[in-house]
1. Output the residue which, of all residues in the stretch 63-99 that are in a strand (DSSP E or B) and not polar (S, T, N, Q), is farthest from GLY140 (Cα to Cα).
2. Taking the stretch 94-123, which residues are hydroxyl-bearing (Ser, Thr, Tyr) and closer than 17 Å to THR69 by Cβ?
3. Could you tell me which residue of the stretch 101-141 is farthest from CYS171 (Cα to Cα), considering only residues that are without any contact (Cβ under 8 Å) to a residue 60 or more places away in the chain and hydroxyl-bearing (Ser, Thr, Tyr)?
4. Spot the failing condition for VAL41; the list is (1) hydrophobic (A, V, I, L, M, F, W, C); (2) outside the structural domain of THR152 (by TED's automatic domain parsing); (3) at pLDDT 70 or above, and only one is missed.
5. Taking only the stretch 161-180 into account, find how many residues are surrounded by fewer than 21 Cβ atoms within 10 Å (Cβ to Cβ) and among the polar types (S, T, N, Q).
6. Can you name the residue in the stretch 104-140 that is of a type in the set (Gly, Ala, Ser) and crowded, with 18+ Cβ neighbours inside 10 Å and, of all such residues, is modelled with the lowest pLDDT?
Amino acid sequence: MLTRAFVGPNFSRRLAIGFAAMFATSACGVVDESGDESSVVVSGLPLTDYPSCTELGGPLVDHASFHATMGPYATVAGSPLRDFASGSPNVNTVHTQFTVTLPGSPGANEATVKYRPARTGDWSFFSNPPTTVQILDASGSVVPIELQHNVTRCPQLPRVVIARLTGGATCRFMLGPSPFSSVAVVAEKLTDFENALLQRR
């Protein structure tokens, strides 16, 4: 299982190539090995450029699973209002599993929280229990979901959706309706993991 110490844009080229070899039979995208240790990247982003990629690969899922089992943890009370003006509740803190409480009644529990990504790119949002997620950008427009699937590799976070977000622009996650009174969520940026991001079923 990967911890934060083993990921990031500046990890060694040798480790990155090792990941590529591990997942060579199923990885989607093209690996660019230019010799610069910080430039080993997968060119298959945005995901819409690679429709044959159908699920996240192991390194990113394992990292999210680490946070689900080891933390850090935080709890926020989701807002029943979709257009609240304040900056909170939010799930901005990176590498954290948030428990978001969902007000309402069973079967109709839903809430909105804000999220402000630090960088532009494709972001994954894991949830437990599996929860309907709609994302609105800073202007209120619906952000397209690029990919979503069940996560069998991590029972603690059994569902993930992926969307392309703009760095520094606050968006809204609308969670639910749900039969549950809370949902755990973890956000991770795909290119923090560089290689073996995606695979075919």
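The values are calculated or read from the model by the stated rules, or taken from the named source; none is laboratory data. In this text the structure is predicted, and so the values were computed from the model without any measurement. So basically every Cβ, Gly included, is an ideal-geometry build from the backbone, and we count neighbours across all protein chains shown.
1. So in the stretch 63-99, the residues in a strand (DSSP E or B) come out as 73-77, 79, 90, 97-99.
If we keep only those that are not polar (S, T, N, Q) too, we end up with 73-74, 76-77, 98.
Values: TYR73: 29, ALA74: 26, VAL76: 22, ALA77: 21, PHE98: 23 Å.
In this case the residue turns out to be TYR73.
2. Pass one, the stretch 94-123, residues hydroxyl-bearing (Ser, Thr, Tyr): 96, 99, 101, 105, 112, 115, 120.
Once the filter is applied, which keeps residues that are hydroxyl-bearing (Ser, Thr, Tyr) and closer than 17 Å to THR69 by Cβ, the stretch 94-123 yields THR96, THR99.
3. SER105
4. Exception for VAL41: condition (3).
5. The number of residues fulfilling the criteria is 2.
6. Kept after step one, since they are of a type in the set (Gly, Ala, Ser), are these residues of the stretch 104-140: 104-105, 107-108, 111, 118, 121, 124, 127, 138-140.
Filter once more, keeping what is crowded, with 18+ Cβ neighbours inside 10 Å: 111, 124, 127.
Working: ALA111: 97, SER124: 93, SER127: 97.
That would be SER124.
Every residue, every condition in (1) among the small types (Gly, Ala, Ser); (2) not in a strand (DSSP E or B), yes or no:
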| site | (1), (2) |
| --- | --- |
| SER139 | yes, yes |
| GLN148 | no, no |
| VAL160 | no, no |
| GLY168 | yes, yes |
| GLY176 | yes, no |
| PHE180 | no, yes |
| VAL185 | no, no |
| THR191 | no, yes |
